[in-house]
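The next block holds one structure in the form of structure tokens; read it before the comments.
The values are calculated or read from the model by the stated rules, or taken from the named source; none is laboratory data. Bear in mind the structure is a predicted one, so any value in this text is a computation, not a measurement. Virtual Cβ from ideal backbone geometry, glycine too; neighbours counted across all protein chains shown.
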Amino acid sequence: MFYFIRGSLAYLMPDHAVVEAGGVGFKLTISNNTYDALAPALSAHGEVKVFTHLAVREDDMELFGFATEQELSMFRLLITVSGVGPKAALSILSTFTPEKFALAVCTDDRKSIGKAPNIGPKTAARIILELHDKMAADNDVFPVSGMTEAIGSAPAPRGGKLSEAEEALMVLGYNRTQVLNALRSMDTTHMEVEEIIRAALKKMM
């Protein structure tokens, strides 16, 4: 029904925002990541553009808001998983950026996903099972295809899988110092690049 709303940010709390557009205040349930993205506009009384998803239930309607199309797409992908509703999907997107969640799915990191509020190990396993192939095939949602290209094309000045893993982790937003500290204590002799990334992420997260 609504794809995005553009207007002034009238109110902002960690779990919801109110955007005034055309004289109407739209209450949007938001993630922590979207809260962080919108916060600067509140003090500046600036205009914001929030991408939306309307969840309709038998006795209620709720409008969810996202700072980026990427996060909206990931939310819509998550709620296709059996047993994962809008609240659980938002919980995951409050714990991970879309990129880092995609990498967790790509590397079968159910332990990290299971740490999100209201997401246990069984749900994490189901999410990975149902989303891995969808994310690999969907170029509209960041993720596996984009990360695979980034890993494969990343420059490796020191050569080898360790450099590929280092560059891939930096693409995901970690700085070189964080990555090197995580990799320094690991024995990567018999590990594939994907395993190195997964193990390093566990150390840094």
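The residue list 48, 19, 56 contains one member that is surrounded by fewer than 19 Cβ atoms within 10 Å (Cβ to Cβ) and either assigned to a helix (DSSP H, G or I) or over 18 Å from the mean Cα position of the chain (by Cα) (or both), which is 56. Annotation: residue 179 fulfils all but one of (1) modelled with pLDDT under 80; (2) more than 16 Å from the chain's Cα centre (by Cα); (3) assigned to a helix (DSSP H, G or I); the unmet one is (1). Within segment 45-56, residues that are in contact (Cβ under 8 Å) with a residue 12 or more places away in the chain reach partners that are charged (D, E, K, R) and surrounded by 12 or more Cβ atoms within 10 Å (Cβ to Cβ) with beta carbons closer than 6 Å, at six or more positions or on different chains, in the pairs 51/69; 55/62. In segment 22-35, the residue that is surrounded by the fewest Cβ atoms within 10 Å (Cβ to Cβ) out of those that are closer than 19 Å to residue 92 by Cα and hydrophobic (A, V, I, L, M, F, W, C) is 28.
Tallying residues that are under 19 Å from the mean Cα position of the chain (by Cα), in contact (Cβ under 8 Å) with a residue 40 or more places away in the chain and either loosely packed, with under 14 Cβ neighbours inside 10 Å or assigned to a helix (DSSP H, G or I) (or both) within segment 182-205 yields 5. If you go through segment 136-158 one residue at a time, do you hit one that is farther than 20 Å from residue 111 by Cβ, at pLDDT below 55, among the polar types (S, T, N, Q) and not in a helix (DSSP H, G or I)? Yes, segment 136-158 has at least one match.
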